[in-house]
Structures are given as structure tokens and as C-alpha cells.
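Report on the structure given below.
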Amino acid sequence: MFGSIDPSLLVASLMVAATPILLAAIGELVVERAGVLNLGVEGMMITGAVCGFIVAINTGSPYVGFAGAAAGAALLALVFAALTQWLLSNQVATGLALTLFGLGLSSLLGQSYVGMRAPSLPRVDFGVLSEIPFLGRVLFGHDPMVYVSLLIVAGVWAFLRYTRGGLVLRAVGENHAAAHALGYNVVAIRFAAIAFGGACAGLGGAYLSLVRVPQWTEGMTAGAGWIALAIVVFASWRPWRLLLGAYLFGGVTVLQLNLQASGVAIPVEYLSMSPYVVTILVLVVMSAGRAPGSLGKTFHAST
Amino acid sequence: MIRLERRPQPSTFWTWLTPLLAVALTVVFGGVLFAMLGKDPLVAIRTIFFDPLFSQFASFYRPQLLVKGAPLVLIAIGLSFGFRAGVWNIGAEGQYIIGALCGAAVALALYPMEARWLIFPLMILFGALGGLGWAMIPGLLKVRFGTNEILVSLMLVYVAEQLLAAMALGPLRNPEGMGFPGSRNLTQYDSATSWIDRAGGMHWGVITAFLAVILAYVVMSRHILGFQIRLAGQSPRAAAFSGVNPGGLVLICLGTSGALAGLAGMFEVSGPAGQVSIDFNVGYGFTAIIVAFLGRLHPVGILLAGGLMALTYIGGEIAQSQLQLPAAAIQLFQGMLLFFLLAVDVLTHFRVRLRHREVA
Amino acid sequence: MKLRHLLATAALAGLAGGAFAQDDPTTVGFVYVGPIGDGGWTYEHEQGRLAVEEHFGDQVETVYVESVPEGPDAVRVMQQMALNGADLIFTTSFGYMDQTIEVAEQFPDVMFEHATGYKRADNVSTYSARFYEGRAVQGHIAGNLTESNVIGYIGSFPIPEVIRGINSAYIHAKKVNPDVEFKIVWVYTWFDPAKEAEAARTLIDQGADVILQHTDSTAPQAAAAEAGDVYTFGQASDMAEFGPMPRVSSIIDNWAPYYIDRTQAVIDGTWESTDTWDGIGPGMVGIGEISDAVPAEVKAEAEALAESIAAGEYHPFTGPLNKQDGSVWLEEGETADDGTLLGMNFYVEGIEGDIPQ
């Protein structure tokens, strides 16, 4: 019954499917580890998608496009940072406003770019390595951004775990008052984290507009930013679990399509909701204070 | 350098002035935006803020403000209880969907029975229970396992959306709809419609929204529950010492907001929206969060904020069709308004001081 | 009823205004379900609007509102257009059906045109395109092109419109290639580039070398381009930027002739409530340029097929045809009636799998 599903292709395509949400999620993970809840991921992603597309079209280089995407989305994220960190606005409301703002901004910016085709991003050539059965297709058959996303995950993991900067960031996220008392500049650290989160979300968005689709169309992220938020929670704020979570979410999508194509009658809607239900279950199992202690709370140094 | 100093009490003066300041800022920046798009900024601003209220056809637009604003206000009132107590339900969209599904399911199950006295109250009951039940999931998980309610309630929005798709394509599909997704039109079923006066924009959701505002005001300012909610929000420890049951409070807050969101969904689906379709939910549950904050979590403030949001929606549509402003520009304009409102709010709670060098 | 009163006043005002300005331009309104930049469904309606503007010049004024949700917002937008003097309003999504009827009752003097619906009134026409005619041409080309004998089909929602297209394509692919097999994937969205890309990749991974899509983004085209040796067809728009490979042809929604026609009828005062379901013949369904990636004789056959459909000589659903369960649907030479086609909820014989319920 499942004869027509090739496992190596399945794994390879779920990796590609997961890349945009993985990129956005790893950025949000850093933001949340710094104690900030930014619900504007969707808005930053789509801004990244349009900025990346515009830059890539005008320079002819997808790589410069990705850089532009990261910069554009980071800039938008700084608006959120200024509002929540300096002006102490509520993070939930500001994040939602950011999404609204980003959706509007992106479609205005992209108006004259509808229907154009982006310069394509070639696959990385690993030579004979990609001929290895199974592993060749899974590990050595992708475009550069898939590897970049994995490097970012590894980098974030190493940063949080082994560096002093990572320690400080976590301290700020767990207890901002204490971190402040120790002399760390909570606001500056959070600004940096939010900008990083924006840049990653921008890369994720640009992966859609420059690689996956690749075109600019309004509203093209279609909720991917919200899924990224779910994955961060699913991963209980750990980078490698986040990778697992992103691949699980991507995998469910790819798997249900594969099952359908193989002629297996499955209730699509119920399968599509399963990752969210699993996320809730994971949350329950891993509860009891796993979330960063200061997550979503406004910080104001009273002295 | 500029320094912020927390006010002992939120400033009444700034509480009233900041929204005006935000609107003024938005008008200035929005005007620049519209001018950049090649439109006359004054005309655009007038179209968005004044035409719905005072133009030739204002008597038509004004009722529409009720239709657009009612679900926002109803949901936001529910949310404000929780937000004040530090209980963060951001899944109102999901509760709205489930309430609508439950309410509509009752009506569709009894179709074509003619008994408004039975069917409509049942729909109200099931709509409220549906939203309440959906909100109880994050509530009970928080109380029992300490699970973060922000995230669970958000996850449940997606689950609800998938459930909605399954229902619109499956059990609730109109058997006479030529195979198209979507349920029967409830506004054509007299026993089930929430409309009272369509032209006047009156449906039961509008009435419920006004009742909710009044009730919320009374509870917040006069009832012990309001006191406990405010106390829990300001100082959870003090609340615990004074005998507030934190678990119970979480359930009450989530339950209230869920029930009101469910009601809003039920009234919407049996009135303005008319039918359960794959995407009848248009994000009221999320917009209501913004409304709740704009309204400073105060019932009257929420009423005004809901009206303001509705105004920009309706004015935005007029600007689109008359000035051919792109929808995106309106969205951006709304985003700006929210940013400015959130930004200037700082003046309410903080005093701005110039920083003096302090001796550590 | 307050509104009635208001409308009466408005109508009077309109009359008075009309008396003073004889050569007042005719105003045509368009209500769009998506953004005009979606590159698919709404984009093509917008092209139709622009064609109206160009054709009539100063004689006609057009207005539009984009991204209007199917619900109370649609009612308000239509009412507002009518109040502001629109003479003719096109509502371009199935989901506006009840709303269009409702507003049309309130404004008996304004003409409404609802796309893809089935409810009419004295001042409400319906119009839709026989996309299945284009699907027949696609099926013919696809059946010839496939080497793996597996054709992938990306469906949006399991509704008659989409099922009709699948059946039409299958019948004509099977005719030229008896071994052909359809793999159908439902994505439950009209427009979600990421998901469509996934669906296309999945189908390609499972051996499909021709992809047909009934969703609006170009993502499947890109996925096919990446795979290299896979053929696709543009949907709604020509998607010519993906030609000559993978996009070998397309179905184009061409609303311009109809919109111009109907606007003219309003100007002339000859507008009547009609139910239009046009295909290739009147030009509502366009077959995009068949690229050179298609062998010349297949191209010629496909064009001949399109012509015979256009001329009314051939109906894509001509018996003998059986339903999936083997029961007889159409006898030899019999053609399907529009009623059955409009509510089509079954596959024809040979297609594997069930329609999701």
C-alpha cells in the first residue's frame, strides 16, 4: 500500500518543507530565551520574504537577497524592541500589531514585483557524496539554505550552552531583575536577541519567496510564522528539540500528502491538527516551570 | 538621557489624552503614507475617520459600526478579566470558532423545526458552553499541571481551525448546497437567526456586547471578584494571602473569556456571517486582544476601542473603493495606529525625566 | 425599515443627480476575495477590470475593493458600492452568493453579477467558466507526455468544480494513454504556496512526471522546474514565466470579454439577468500557448481538440462513460447535462481512491 513512497525522498522533502519554519523558530527561540515573547513572527517572516525578493531581483543574487531579507526583518523587529523595551508596551499586543503591520507593509512594498521570477539558488554540489544510497539524497542533495539553517541551530545551541554571552542571555530570560542587579544591561541584550529573531524570521520568509515558491505573492507565508511559535514551545526552548519539532511538523505535512498520493484515505484535517495536539501534550508533560522565567513580562529598571 | 519613573498611580490625565495623541500621530504619519501613494492625505484621513460617521450615507455606515464592533467588544471584555488577573488567553479565536460550531450545530440538527423559543436559547447555551469548554482545556491544564496557558490556547486555535474545515466540508455541510463546502444559511432560518433589525445593524450579539460592558463594569468596580482579579494581577502573592484561590481565579477568567468568545462566534455565524464556512472566522479573536489593550482593559475603554477599530475597518473600505487606496495601505495604517497607541501608553504609567548622573 | 427609507432617499438623490448630469459615467464595481497581487484568481479578475477601463475610457468608471472576507464584510462593501452610485457590481467569489442576493434585494436598480454561484434574481446574473473544457485539452497533452504513466493532480477542495476538472482531464489522458494513472492530493486551500510546493514535490517523488494543479500559486511550477523533467500547466493565469519547461500550456481565466459585454449592456440598457457558463468558444477559458516542449503532432491534436470544443462539435463528457463504481453514467454518444456537471460528486471509472467527505 505504501509502495510508492520512497523513504529517502520523504526525508529529503520534509527537510526542505521544514526549513522556513525552522529558521523562524530558531530566531524566536533565542528571543524567548531572553524572556521576550514576540508574536509578530508572521509579520517579520513576510517582510523578510518581500525584502529578500526585491533585493534578489535588483541585484540578481539570491545570496544578497537573503542578506537583505535578514536586514529588513531585523529592522522591523527593532520597532517591536523599541516599543516593548523602551516604551514598555505589552508584548502580546505589540507582537500582534507587528504582524498586522508587517502584512500591510509587505504587500505595499511588493506591489510592483508580482509575477516576477526570482534568480534561483542552485543546489550545493557534493560530487560523489550525493550518489550514496539513501544518505546521499537526504544529506547531500539540498540548497545552501538548508545547511545554513542547520548551522544556525548548531550555532545557537553552542552559544547558549558554552558561551558567556549565552549564559547572560539565559539569565536575563530567567530573571531579569536578578540579571539587572548583577549589572547586565537587560534592555540591550533583549534588543540584540529581538533583532536576531527578526533576522532569522526574515531568512525563513525569504526561503519561501526565493527558493520554495519562488515568487512574490501577497500573504505567501500563510501562517508559517504561527507554526514557528508552536515549534518553539514544542521544543521546550531547546535548539536540538526544535530541529526535531520542525522536522516533525514538516514531516506531518509531507507524510499526509504522500499518503494521499498513495491512495490511502486519511482524514486530512485530523492529521493536520495532530502536531498541535502533540505540542500541547509535550507542554503538559514538560510543564512545571520549563518556560523562561521572565517570558512575556515587561522589564523596567526602577533605579 | 531620558529616564522613566513609574508613577504611583496611573495618570488620569494621560489615560484620556494618550489615545488622542496616538490618533494624532497616526493621522500625521498616515497622511505622509497616503501622500506617498499619490493620494490627497486630507481626503484619505477624512474618508477613514469621518465619512463613516458624518457623510451623506452615514446613516447607513453607523449601524455597520455595531455589526463590526460588537464581536470585538464582546470578546475583548471577556479577555480583559483574564488580562487584568495575569491570565493570558490569546486563543479567543479558537473559542470563537468552537462556540460558533456548537451553536450552529444545534440549529442545523433541529432544522427545519419552527420553534424560536427553544432553538435560539439552546444555541446561545451551546455557543457559550462550546467556547467555555474550549477555554477550559488551557485552564485545567494550567491549574492541574502548570502548563503555560498562552501557548496552549494559541495551539488550540489551529486545532479549532482544522475542526472548522472538517465540519464545513463534512457533517455541517449544506445538503442542498450542490456539494460546495459550507452549512445552510442560518439567517434564512427564522428560528435560528440572531438578527433583530438587519438594516439597523441590530442583532443579539450587539445587545449582548452592551450588556457585557455594563456587567463587566459592575463586577470590576463593585464586586469582590473584580477586587480579587485586580489584586491577583498586581500582586499574586498578596492575592494568595488574602484568600484568593489562584486556580479558581484562572478557571473563572478563562471560562468567562471563552464563554463570551463562544457567544460572539455563535451570534456572528447565525447573523452577519450567516453560515459555517471554511473561513468564516476573520480574526476577531486576535483583533480583540488589541482592542482589549487599547481600551486599557477597562469596560468603557474597550467599548470605545472597539468602536475605533470598527471605524478604521469601515472607513478603510470606503477609502479603498472611493480613493482606490490599496487594502495593504489600510492594514499598514491600522498597524501604525496600534503601534502609536501602545507607544504613548507609557506616559500613563511613567513620568519622563531627564536623567541626572546618580551616585551608585 | 430604516435602510429602505435611506435607500429610497439615496435613489432620489441619484435620480436628481442623474438629471443634471446626463453623461455621468457608468460605474462598475468589483468585489475581490483575494489581493490583486495573488497572481491567480483575483489577479485575472483585476485584469478584466482593467480591460473594461481601457475599452470604455471615460465612459465608464470602475471601483474595486480587494481581500474582502466572505461574510458580513462583503455585504457592507457591496452596499457601499451601490450607495456610491455603482450601476453594475461583479462579486467574484462563490462565497459571496447569499450576500449578493441579499444586497441585490435592497438595491433593485443596481445590477449584480455573481461568479460561480447558482442563485439568481431579477437583477442578479451568474457567470462562470467551463474550465473542464480546458482540462480536457490538458488531459490530452498530459496523457501523451507522461512516460511514467503517473499524472499528479493537486486539488484544492473536494467540490464539484474541482472534481469535474479531474474527471475531464482523466478521461482525455486515458483516451490517448490507456495505462495512465492519476494520483490526487487535496491540499484544502486555494492558495498556500508552501503547501502547494510540498504537494507537487510529493507527487514527483511518487513518480508523477506531469502535474496538474487546481490551486492558484506558481509554487508547483517551481517544484517541477527544480525536478527538471516534469511537465506542468499554468492555472488561472498563464504562468508563462515558467515556460517552455516545465509549463507547457495553461488554462487562463479570461473575464475581459464578458465584463466588457455586460458593461456595454448596462450602458445600452439591455442588461438582463442571465446564467452564463462559457467555455473556450466565447473566449472565457483561454488555452495558453502550447510550448515547444510538446511534440508537434500532440500540439496539433490538442489545438484541434480545443477547436472542436470551441465550435461545439465535441463535449468533453461524451458517453460511453461509467462512474467509478462501474455503473453506467452516460450511454454511447450521450453528453452530460449541466445539472449533473454542476453538482458532480463522483469520479469516473478508472480513477482510484475516494473523494474525501
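No value in this document is a laboratory result; all are computed from the given coordinates. Just so we're clear, the structure is a prediction, and the values are computed from it rather than from any experiment. Here Cβ is always computed from backbone atoms with ideal geometry, including for glycine, and neighbour counts include all displayed protein chains.
Quick one: check the C-alpha center-to-center distance for the stretch B:71-125 versus the stretch A:225-280, whole angstrom. Distance between centres, Cα-based: 29 Å. In this structure, the amide hydrogen of C:Lys183, modeled 1.01 Å from its nitrogen in the peptide plane, lies closer than 5 angstrom to those of C:Ile151, C:Gly152, C:Tyr153, counting only residues at least 5 positions away or on a different chain.
A quarter of the convex hull surface defined by the alpha-carbon atoms of the stretch B:40-324 gives 16.4 nm² as the mean projection.
Exposure proxy shown here: for C:Ile351, C:Ile154, the number of other Cβ atoms within 10 Å sets the order, fewest to most, as C:Ile351, C:Ile154. Computed 3J(HN,Hα) for the stretch A:92-100, one whole-Hz value per residue from the Karplus formula 6.51 cos²θ - 1.76 cosθ + 1.60 where θ = phi - 60°, is 4, 5, 5, x, 5, 5, 4, 5, 4, glycine and proline marked x.
Taking every residue in B:320-326 and counting other chain Cβ atoms within 10 Å of its Cβ, the average works out to 6. Given axes a ≥ b ≥ c from the Cα gyration tensor, I'd like to know whether the protein assembly as shown is rounded (a/c under 1.5), prolate (a/b larger than b/c) or oblate. Taking the square roots of the gyration eigenvalues as a ≥ b ≥ c, the protein assembly as shown is oblate. Return the whole-Å distance between the Cα centroid of the stretch A:80-122 and the Cα centroid of the stretch B:193-233. Cα centres, the stretch A:80-122 to the stretch B:193-233: 34 Å. Counted over the stretch B:113-159 with a bin width of 10 Å, the fraction of Cα pairs per bin, in whole percents, is 25, 36, 20, 15, 4. The P(r) of the stretch C:223-267 has a tail past 15 Å containing 53 percent of all C-alpha pairs.
Counting only other residues whose beta carbon sits under 15 Å from that of A:Gln260, what net charge do I get with K and R as +1, D and E as -1? Local net charge: -4.
Please compute the net charge surrounding B:Leu74, taking Lys and Arg as +1 and Asp and Glu as -1 over other residues with Cβ under 13 Å from its Cβ. Don't skip to the answer; put the middle values down first.
Values: positive: B:Lys68; negative: B:Glu268.
Result for the local shell: 0.
Across all directions of projection, what mean area in square nanometres is found for the Cα convex hull of chain C?
On the way: hull surface 73.9 nm².
So the Cα hull casts an average projection of 18.5 nm².
Shielding value for B:196-207 is 2, the average number of Cβ atoms from other chains within 10 Å of each residue's Cβ. With a ≥ b ≥ c the root eigenvalues of the C-alpha gyration tensor of the stretch A:47-181, is it rounded (a/c under 1.5), prolate (a/b larger than b/c) or oblate? Cα axes put the stretch A:47-181 in the oblate bin.
Taking Cα atoms only, the orientation of helix C:160-176 departs from the longest principal axis of chain C by about 30 degrees.
Quick one: longest stretch of chain B between exposed loop trypsin sites (Lys or Arg not before Pro), exposed meaning at most 11 other C-beta atoms within 10 Å and loop per DSSP? In chain B, the maximal stretch lacking such sites is B:1-354.
Fully extending the segment from B:Leu20 to B:Arg230 would add 73.0 nm, taking 0.36 nm per residue of separation and subtracting the current Cα-Cα distance.
Hey, what did chain A get for relative contact order, percent, Cα under 8 Å, at least 6 apart?
37 percent
For the pair C:Gln59/A:Trp240, report the inter-label distance in nm, with labels modelled 7 Å from Cα in the Cβ direction. Placing both labels 7 Å beyond Cα along the Cβ direction yields 7.4 nm. Across A:Ile266, A:Ile26, A:Ile227, mean-square fluctuation computed from a Gaussian network of chain A (C-alpha pairs under 10 Å connected) peaks at A:Ile266.
Taking a point 7 Å out from the Cα of B:Ala58 in the direction of its Cβ, none of the residues of the stretch B:262-302 has a backbone N less than 15 Å from it. Taken residue by residue and averaged, Cβ atoms of other chains lying within 10 Å of the Cβ of C:62-69 number 6.
Across the stretch A:44-52, coupling constants 3J(HN,Hα) worked out from phi with the 6.51/-1.76/1.60 Karplus curve, θ = phi - 60°, read 6, 4, 6, 5, x, 4, 6, 4, x Hz, and Gly and Pro carry x.
Residues A:His180, C:His114, C:His172, ranked from the fewest to the most other C-beta atoms within 10 Å, line up as A:His180, C:His172, C:His114. Among residues other than B:Gln320 whose Cβ falls under 14 Å from its Cβ, what is the net charge (Lys/Arg +1, Asp/Glu -1)? My count for the surroundings of B:Gln320 gives -2. Per-residue 3J(HN,Hα) values for the stretch A:221-238, derived from phi via the Karplus relation 6.51 cos²θ - 1.76 cosθ + 1.60 with θ = phi - 60°, read 6, 6, x, 4, x, 5, 5, 4, 4, 4, 5, 4, 5, 3, 7, 6, 6, 10 Hz in sequence order (x marks Gly and Pro). Could you work out how far helix A:239-261 tilts from the main Cα principal axis of chain A, as a 0 to 90 degree angle to the nearest 10? Long axis of A:239-261 versus the principal axis of chain A: about 30 degrees.
What's the longest piece of chain C with no exposed GluC sites (Glu not before Pro), counting a site as exposed if DSSP puts it in a loop and it has at most 12 other beta carbons within 10 Å? Looking at chain C, C:1-146 is the longest stretch - no exposed GluC sites (Glu not before Pro) with at most 12 other Cβ atoms within 10 Å. Classification of the stretch B:37-174 by its C-alpha gyration tensor yields an oblate form. The axis ratio a/c (a ≥ b ≥ c) is 1.5 or more, and b/c is at least a/b. In this structure, the amide hydrogen of C:Thr335, modeled 1.01 Å from its nitrogen in the peptide plane, lies closer than 5 angstrom to those of C:Gly319, counting only residues at least 5 positions away or on a different chain. Cα centroids of the stretch A:9-51 and the stretch C:105-128: 44 Å apart.
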